[in-house]
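One structure is given below, encoded as structure tokens.
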Amino acid sequence: FLNYAVNLLSFWTWQAQGPHFLFAWTTESLSGSYIPLSALGSLFGILKLLPFFSLIFLPAALYLQVITGDEIVYLLAIQCAWTVISYLFALFVYRNGVRRYSGEGV
């Protein structure tokens, strides 16, 4: 839903490539693609609360059995909350973006 909402920003702006690139870079950086999130020390606790945590780091940690059973339920609850929040955000962006949209040219 977050990716969908960022793509819907093209209704709001003339150039849609900038926000999309920034979101893709942020997603890759904060999901653990470049470095393991656990190597970031005190930031790790904050990054666990973001929706990007479950893209790469969480499946890898589950596979390596680094995360315990109680923590899995907690992290999945956070991801469910982010799903609802991102759905509501995408709905807001869509409804307001359609009002602002004006097609020009071909």
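The values are calculated or read from the model by the stated rules, or taken from the named source; none is laboratory data. Every value quoted in this text rests on a predicted model; they were computed, and no experiment measured them. Here the Cβ positions follow ideal geometry from the backbone for every residue, glycine too, while neighbour counts run over all protein chains shown. With ligands, DNA and RNA removed, areas are computed over all heavy atoms of the protein, side chains included. Shrake-Rupley method; radii C 1.70, N 1.55, O 1.52, S 1.80 Å.
Please find, within the range 9-25, the residue that is nearest to Tyr94 (Cα to Cα) out of those that are surrounded by fewer than 15 Cβ atoms within 10 Å (Cβ to Cβ) and modelled with pLDDT under 80. Going through the qualifying residues, I end up with Trp12. Scanning the range 44-88 for residues that are among the hydroxyl-bearing types (Ser, Thr, Tyr), out of contact with any helix residue (DSSP H, G or I) (no Cβ under 6 Å at 6 or more places or on another chain) and within 23 Å of Ser29 (Cβ to Cβ) yields a total of 2.
Hey, among Leu55, Leu2, which residue is closer than 28 Å to Val93 by Cβ, touching a residue at least 60 places away in the same chain (Cβ under 8 Å) and not small (Gly, Ala, Ser)? Residue meeting the stated conditions: Leu2. Looking at Val98, Val84, Val73, Val93, just one residue is touching a residue at least 60 places away in the same chain (Cβ under 8 Å), in a helix (DSSP H, G or I) and loosely packed, with under 13 Cβ neighbours inside 10 Å, and that residue is Val98. Summed over the range 26-39, the residues that are open to solvent by less than 60 Å² (accessible area, probe 1.4 Å) and not polar (S, T, N, Q) give a count of 3. Could you list all residues from the range 15-70 that are outside any helix (DSSP H, G or I), within 17 Å of Ser86 (Cβ to Cβ) and of a type in the set (Gly, Ala, Ser)? Passing the criteria: only Ser31. All conditions but one from (1) at pLDDT below 85; (2) on the phi < 0 side of the Ramachandran plot apply to Gly105; the one that does not is (2).
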